[in-house]
Amino acid sequence: MKWKQWFKSPKAYVLITISVYLFIASWATHSIRGIENGGIAVGTAIVIDVLFALIKKRKRIMPDGAAITGLIVALILSLNTAWPIIASTACLSIISKHLLVYKKKPIFNPAAFGLFLSILIYHTEQSWWGAFGDLPSWYIPLLLIGGYAVTNRVNKYQQIFTFFMITFAMVLAMELLHSGDAFDALRPPFINATLFFGCFMLTDPPTSPAKPTGQIIFGILAAVVGTIVYGIYGGLMYLFIGLFVGNLYHLLQTRFSSKVTTKSRKEPRQRGMTD
């Protein structure tokens, strides 16, 4: 019964979908390197996650979230990345998941944070090969099919549509204004990266809002900040930076809601004492 419940969970949807992407991309590129990198990243992520669970003396140890983080890391890093860097990136991702927390939930998307640090520390190349960035554009519908399944399961339509609409609208506006090579963002591998990022990283339930209004604001912040960074610096780091701003908004929103709830609970007690 527990396994049946797990297969219906958002984590199961994400894990199964990106695992399928791993094998499809490996088959299409005629290379087993991607599967090897996936094994390294997932294995490292699970080991570190279990160690933290043991240190914290958790009764339930289910490292499915760590497996997702490891797979995302492997799908984004270039196939030519050395295995110690892959393992280190997965390790940094899980460490951030356990150390940068608020109310036992990660503040930043773990995979995005680890990948961002890997750029700064190791100057890694991120090809997004698992998002079919190195393959013909007719592979993109596969991203949309899997992305729809996950978005539907976590109920993040407002967030996704807001992010995509504003991102693509701003990119088109930048192109019309002849601002650099903005239109490249609508071509592979950039479009693949944006679609994969939006469907599988932006929608992460622990680090993004659940309510529609919060989702819309989150999507606006991630899109506007990310696209501005892209227009100034280019590259693919802009996706992570936009997401981090959204994550910080979610943190502030959660803290504010928590304070309001605490205050509303205290007020009736105070009135009762003075009556």
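The values are calculated or read from the model by the stated rules, or taken from the named source; none is laboratory data. As the structure is a computational prediction, the values presented were derived from the model and not from experiment. Here the Cβ positions follow ideal geometry from the backbone for every residue, glycine too, while neighbour counts run over all protein chains shown. In case anyone asks, the SASA skips ligands and DNA or RNA and just uses the protein heavy atoms, side chains included. Shrake-Rupley method; radii C 1.70, N 1.55, O 1.52, S 1.80 Å.
Looking across segment 206-216, the residues that are under 22 Å from residue 111 (Cα atoms) and open to solvent by 40 Å² or more (accessible area, probe 1.4 Å) come down to 206, 210. Of 21, 13, all but one fail to be modelled with pLDDT under 95 and aromatic (Phe, Trp, Tyr); the exception is 13. Pairs linking a residue in segment 11-32 that is in contact (Cβ under 8 Å) with a residue 12 or more places away in the chain to a residue that is aromatic (Phe, Trp, Tyr) and open to solvent by 20 Å² or more (accessible area, probe 1.4 Å), with Cβ atoms under 7 Å and 6 or more positions apart or on different chains, are 12/6. Do we find a residue being touching a residue at least 60 places away in the same chain (Cβ under 8 Å) and assigned to a helix (DSSP H, G or I) anywhere in segment 91-103? Checked against the condition, which is being touching a residue at least 60 places away in the same chain (Cβ under 8 Å) and assigned to a helix (DSSP H, G or I), segment 91-103 yields no hits at all. Evaluate the following for residue 219: is it crowded, with 23+ Cβ neighbours inside 10 Å, without any contact (Cβ under 8 Å) to a residue 40 or more places away in the chain, part of a helix (DSSP H, G or I) and not basic (Lys, Arg)? In short, no.
Take the conditions modelled with pLDDT of 95 or more, hydroxyl-bearing (Ser, Thr, Tyr) and within 23 Å of the chain's Cα centre (by Cα) and apply them to residue 233. Does it pass? No. Among the conditions (1) closer than 17 Å to residue 196 by Cα; (2) in a helix (DSSP H, G or I); (3) modelled with pLDDT under 95, the only one that residue 135 does not satisfy is (2).
Taking the conditions (1) in a helix (DSSP H, G or I); (2) buried (at least 18 other Cβ atoms within 10 Å of the Cβ) in turn, residue 121 satisfies each one other than (2).
For (1) within 20 Å of residue 236 (Cα to Cα); (2) free of Cβ contacts under 8 Å to residues at least 40 places away in the same chain, each residue gets a yes or a no:
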| site | (1), (2) |
| --- | --- |
| 149 | no, no |
| 173 | yes, yes |
| 188 | yes, no |
| 192 | yes, no |
| 196 | yes, no |
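Reported count of residues in segment 53-69, each being closer than 26 Å to residue 201 by Cα, loosely packed, with under 15 Cβ neighbours inside 10 Å and of a type in the set (A, V, I, L, M, F, W, C), is 2.
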